[in-house]
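Below is one structure, written out as structure tokens, with a few remarks after it.
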Amino acid sequence: MSLLSGKFAIVTGAASPRGLGKATARAFADHGATVAILDLDEGNAKAAAADLGDGHVGIACNVTDKAACEAAAAQLLDTWGRIDVLVNNAGITQPLKIMEIEPGNYDAVLDVNLRGTLYMTQACIPAMRKQKAGSVVNLSSVSAQRGGGIFGGPHYSAAKAGVLGLTKAMARELAPDQVRVNAICPGFIDTDITAGKLTDEMRAQVLAGIPMGRAGTASDVAGCALFLASDLSAYCTGTEVDVNGGSLIH
């Protein structure tokens, strides 16, 4: 069953081989979508797109630069004629305590996670409104819901909580145009962001708090993104879907 046959999808921050973005891009491609991978480095983006197979696109884009987001969307519209799905996956985290957060730390984390999500969505909205269809999937985090405590600092929790507020407000505003906006809140996932940064003791402590007893995988998150991107979730907008193995049940 091809859930995204004939659809055109953008996934930001998707060049990292073991990241959530790449797994999501692969799931979309496997289900018939033509995918554009956006990342800071053009070479990495193009390589990741080629890895998905023929016809996929890699574009350099810094999501914190509004003009760059608009240029990427314009280029894809020129090529594709439409944009059906946008996954705002680009994000960064920093494991800082509250008193360690300097202005530069705050700016970096808020800019990529929150401002980037706004700018990229703004770049795609006119096309989605025009075609009266579209699905935007935003990546938040369990840390926004439970107040941190896994890896990212308080500024990361704040940025990801901001993503939830933005998701709901955009969903409300765009619903009359049949454009859906939803968020995913991953829990503890094995990716390059956490790889090698946790001691065995910290890891054991995190796993002890997960009823399913394991870390999530990138494909666990990708499956949820696939659901939200496809018509299976046609009546879902403004939702936040928890992918956390039961570590936060609320």
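The criterion of at least 2 residues that are of a type outside the set (D, E, K, R), free of Cβ contacts under 8 Å to residues at least 12 places away in the same chain and closer than 19 Å to residue 118 by Cβ is met by the following helices (runs of 4 or more DSSP H) wholly inside the stretch 16-92: 66-80. Scan the stretch 209-250 for residues that are of a type in the set (Val, Ile, Thr) and touching a Lys or Arg at 6+ places or on another chain (Cβ under 8 Å) and the total you get is 1. Does residue 83 meet the test of being surrounded by fewer than 17 Cβ atoms within 10 Å (Cβ to Cβ), out of contact with any Gly (no Cβ under 6 Å at 6 or more places or on another chain), among the β-branched types (Val, Ile, Thr) and on the phi < 0 side of the Ramachandran plot? No; evaluated as a whole, the condition is false for this residue. Hey, does the stretch 225-241 have a residue that's touching a Gly at 6+ places or on another chain (Cβ under 7 Å), aliphatic (A, V, I, L, M), under 23 Å from residue 11 (Cα atoms) and at pLDDT 95 or above? No, the stretch 225-241 contains no residue that is touching a Gly at 6+ places or on another chain (Cβ under 7 Å), aliphatic (A, V, I, L, M), under 23 Å from residue 11 (Cα atoms) and at pLDDT 95 or above. Tell me, which helices (runs of 4 or more DSSP H) wholly within the stretch 117-235 include 2 or more residues that are among the acidic types (Asp, Glu)? Output list reads 200-208. Residues considered: 48, 60. Of these, the only one that is crowded, with 21+ Cβ neighbours inside 10 Å, small (Gly, Ala, Ser) and touching a helix residue (DSSP H, G or I) at 6+ places or on another chain (Cβ under 8 Å) is 48. Note on the stretch 136-152: residues that are at pLDDT 95 or above and crowded, with 21+ Cβ neighbours inside 10 Å total 9. All conditions in (1) at pLDDT below 95; (2) at negative phi; (3) not charged (D, E, K, R) hold for residue 158, with the sole exception of (1). Selection of the stretch 7-44 for residues being crowded, with 23+ Cβ neighbours inside 10 Å, over 12 Å from the mean Cα position of the chain (by Cα) and small (Gly, Ala, Ser) yields 9, 15, 27, 33, 36.
Scanning the stretch 122-129 finds no residues that are of a type outside the set (A, V, I, L, M, F, W, C), crowded, with 24+ Cβ neighbours inside 10 Å, under 29 Å from residue 232 (Cα atoms) and in contact with a Cys (Cβ under 8 Å, 6 or more places away or on another chain).
Only a single criterion out of (1) without any contact (Cβ under 8 Å) to a residue 12 or more places away in the chain; (2) surrounded by 15 or more Cβ atoms within 10 Å (Cβ to Cβ) is not satisfied by residue 106, namely (1). Condition check: touching a residue at least 60 places away in the same chain (Cβ under 8 Å) and either surrounded by 21 or more Cβ atoms within 10 Å (Cβ to Cβ) or out of contact with any helix residue (DSSP H, G or I) (no Cβ under 8 Å at 6 or more places or on another chain) (or both). Does residue 218 satisfy that? Here the answer is yes, as residue 218 does meet what is asked.
Pairs meeting the criteria (first residue in the stretch 1-15 and farther than 21 Å from residue 72 by Cβ and modelled with pLDDT of 95 or more, second residue outside any loop (DSSP other than H, G, I, E, B) and polar (S, T, N, Q), beta carbons under 7 Å, at least 6 apart or on different chains) are lacking.
Only a single criterion out of (1) of a type in the set (S, T, N, Q); (2) in contact (Cβ under 8 Å) with a residue 24 or more places away in the chain; (3) surrounded by fewer than 19 Cβ atoms within 10 Å (Cβ to Cβ) is not satisfied by residue 191, namely (3).
Quick one: would you say residue 98 is touching a residue at least 12 places away in the same chain (Cβ under 8 Å), touching a helix residue (DSSP H, G or I) at 6+ places or on another chain (Cβ under 6 Å), of a type in the set (Val, Ile, Thr) and at negative phi? In short, yes.
The values are calculated or read from the model by the stated rules, or taken from the named source; none is laboratory data. Remember, it's a predicted structure, so these values are computed and weren't measured experimentally. Positions of Cβ are generated from backbone atoms using ideal geometry, with glycine treated the same way; all protein chains shown enter the neighbour counts.
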